[in-house]
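For reference, the structure discussed in these notes is given below.
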Amino acid sequence: MSTPRTALVTGASRGIGRHVVLELARRGVGVFATGRDAARLEELRRECGCEVSIRDLAKAGDVLELYEDAKRFLGGVPDCLVNNAGFNHKAPLVEASLEEFEAQFAVNLRAPFLLCREAGRDMRSRGRGHIVNILSTCALHPNEGMGIYSAMKGGLRDLTRILAKELRTSGVKVTAVYPGGVDTEFRSQARPDYLRPESAARMIVEVLFAPEDAVIHDLVFRPLCESNF
């Protein structure tokens, strides 16, 4: 499957997710997009013709309903699943609350797990598909003050690697993407020296258009101002 026809994208209200949807639509892919900002999703729908659904991925029931809605709209199992939704609340671990931990767990790890499970089953039965999980370079180099976020992304990293092993004989591709700094509303202050979200989205979408006999297991990219070497 070197040319995907349909995709489910989470976290599409803004930032990287929004631009992934726009880039996929530009390439002729039918997209079912989700997020929590109704106004921004409607704007995205008008801009590129995708279908949108307002869902709270902190609720397991919403996650499962979202997947079924996507299948109905797309006419079957999506060719691609892009797990992009996520959020971070910065705090030292010794000051973090249980509520903060559970909130980040629900969105950053449990939601993508559930979607990977549902889509993975269907794609395995069909014999093709591509799952892309958007992580962070924090999963490779954990940062102080971002302990919970780094831990959840690290958990998603390992889940993604295991899924790749379990699905590799079924014709299903699995990719982990590790963006470095991206200048989005995810950050409290603008960072024009960081990657533009459009650039990050183009890098991610290229993974989905790799040759049919090749899979990119891990994609790490950064702005020029960053390095961990």
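Considering only region 6-34, state which residues are at positive phi and either among the polar types (S, T, N, Q) or not in a helix (DSSP H, G or I) (or both).
Once the filter is applied, which keeps residues that are at positive phi and either among the polar types (S, T, N, Q) or not in a helix (DSSP H, G or I) (or both), region 6-34 yields G11, G28.
Conditions (1) in contact with a Cys (Cβ under 7 Å, 6 or more places away or on another chain); (2) open to solvent by less than 40 Å² (accessible area, probe 1.4 Å), marked per residue:
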| residue | (1), (2) |
| --- | --- |
| V94 | no, no |
| A111 | no, yes |
| A119 | no, yes |
| R126 | no, no |
| C138 | no, yes |
| Y149 | yes, yes |
| K153 | yes, yes |
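Can you pull out the residues in region 41-81 that are without any contact (Cβ under 8 Å) to a residue 60 or more places away in the chain and over 21 Å from A111 (Cα atoms)?
Across region 41-81, the qualifying residues are E42, E43, L44, R45, R46, E47, C48, G49, C50.
Among (1) surrounded by fewer than 21 Cβ atoms within 10 Å (Cβ to Cβ); (2) outside any helix (DSSP H, G or I); (3) within 13 Å of the chain's Cα centre (by Cα), there is one condition V132 misses while meeting the rest; what is its number?
(1)
Can you work out which of the residues in region 196-229 that are among the aliphatic types (A, V, I, L, M) and open to solvent by 70 Å² or more (accessible area, probe 1.4 Å) is farthest from L22 (Cα to Cα)?
L224
Can you find a residue in region 185-195 that is open to solvent by less than 30 Å² (accessible area, probe 1.4 Å), aliphatic (A, V, I, L, M) and either part of a loop (DSSP other than H, G, I, E, B) or closer than 27 Å to A25 by Cβ (or both)?
No, because not a single residue in region 185-195 is open to solvent by less than 30 Å² (accessible area, probe 1.4 Å), aliphatic (A, V, I, L, M) and either part of a loop (DSSP other than H, G, I, E, B) or closer than 27 Å to A25 by Cβ (or both).
When you scan region 138-178, how many residues do you find that are of a type outside the set (A, V, I, L, M, F, W, C), under 23 Å from F209 (Cα atoms) and not in a loop (DSSP other than H, G, I, E, B)?
Residues of region 138-178 that are of a type outside the set (A, V, I, L, M, F, W, C), as a first pass: 141-145, 147, 149-150, 153-155, 157-158, 160-161, 165-166, 168-171, 173, 175, 178.
Filter again for under 23 Å from F209 (Cα atoms), leaving 157, 160-161, 165-166, 168-171, 173, 175, 178.
Applying the additional criterion that residues be not in a loop (DSSP other than H, G, I, E, B) yields 157, 160-161, 165-166, 168-170, 173, 175, 178.
Looking only at that region, the number is 11.
Go through region 15-24 and give me each residue that's open to solvent by 30 Å² or more (accessible area, probe 1.4 Å) and closer than 23 Å to C116 by Cβ.
Selection gives R18, H19.
Going residue by residue through region 62-79, is there one that turns out to be at pLDDT 95 or above, within 16 Å of P197 (Cβ to Cβ) and not acidic (D, E)?
no
Only one of V52, V82 is within 19 Å of S136 (Cα to Cα), in a strand (DSSP E or B) and either within 17 Å of the chain's Cα centre (by Cα) or hydrophobic (A, V, I, L, M, F, W, C) (or both); which?
When all the criteria are applied, what remains is V82.
For region 68-79, what are the residues that are outside any loop (DSSP other than H, G, I, E, B) and surrounded by 13 or more Cβ atoms within 10 Å (Cβ to Cβ)?
Those that are outside any loop (DSSP other than H, G, I, E, B) and surrounded by 13 or more Cβ atoms within 10 Å (Cβ to Cβ): D69, A70, K71, F73, L74.
The values are calculated or read from the model by the stated rules, or taken from the named source; none is laboratory data. Keep in mind it's a predicted model, so treat the numbers as computed, not measured. Please note: Cβ atoms are built from the backbone with ideal geometry, for glycine as well, and neighbour counts cover all protein chains shown. Remember, those area values only see protein heavy atoms, side chains included, never the ligands or the DNA or RNA. Shrake-Rupley method; radii C 1.70, N 1.55, O 1.52, S 1.80 Å.
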